[in-house]
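Structure record follows, encoded as structure tokens.
Just so you know, all these numbers are worked out from the coordinates, no wet-lab data involved. Keep in mind it's a predicted model, so treat the numbers as computed, not measured. So basically every Cβ, Gly included, is an ideal-geometry build from the backbone, and we count neighbours across all protein chains shown.
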Amino acid sequence: MPRERRREDEEMEQRPVSPEEAPDSDGDDRMEGIDSAESSESSQMIKKLVRYALACEYSRTPIRRDGIKEKVLGIHGREFKKVFSGAQKQLRGTFGMEMVELPTRDRNLLTADQKRKAAKSQNQKEATSNQYVLISILPEKYRVPGIITPSKVQSADGEASYIGLYTTIISIITLSGGELSDPRLRRHLSRFNAGENMPSLNPHNENAPNEKTELMLNRMVKHGYIVKVVEKSQGDDDSITWHVGPRGKMEVTNESIASFIRTVYGSSNDELEKKLQMSLKVKDRKTNAPAGIGEEEGPEEEASEPGPSTRRKSRGALPPKEAAESEEDGEE
């Protein structure tokens, strides 16, 4: 019996293999080719999303999920999570930034009509904004003018002024309890000599070095730094209040505002830190520590520029010296 089995095995080895029994090497090659093509396609979509995110941030436009599907994914809508995760990895590793979702609009900022409509849909699930912005994830010690310079959208000086202005306004609104009436905002702006005009985005333009304050405020509203709420009244005058917008909440956090105030005051002490903790709920800070991000740069940061010399995502905005008076009023 063993001899017969060996003979049968030898015959099986010598017998030619039929096409049906042969291993499908071509099929394996095709599968590997498909996997390679899919990997290459995903890599291209990741790169496209990174470019799209940077382009949106350059113009301060929210990175919308619908825009990602339309301009990046196309027919590959189900690849959103994979492509988004890959883009985040590249943004963090290469640019020191990441995409974060903007908060939804605060229901308290809705008008009376909007509140009535929202009340009818209270039983619906709370929706997300599906909008993202880029923020810096660099350590705080690297968020200084020597490393992060203002974006040259039109002018680096104009960009720095714009950062300083919206950082100042957001700080005042936050320290005023998150809401500021229009007359009070106008009084604060007048103290900065910005009641009628503000530096334009290109202050070196001899024909238009300044812009009307109203136009600058509208730009901040459009970019999502602040929100203007108008309540219709029976009289001639409408009630106007100002609040911090979704982008403003992400870029100018409470910790950033605290650093802003320390820089304005030039130093920190126990009394100031106590007020900051009460108003902003920030972490305790030793009073012998540097007063703010800007102090790491030395005396140059003492310049009385109308805005900071850091890029907007650095959140290291340096205000004018006159901002101290406004901050004190806001804390009240």
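Quick look at the numbers
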{"quantity": "Region 139-245: radius of gyration and largest Cα-Cα distance (Dmax), Å", "calculated": "15.5, 53"}
{"quantity": "Estimated Rh, region 150-209: Kirkwood, alpha-carbon pairs, angstrom", "calculated": "12.5 Å"}
{"quantity": "Around Pro62: net Lys/Arg minus Asp/Glu count, Cβ-Cβ under 12 Å", "calculated": "+2"}
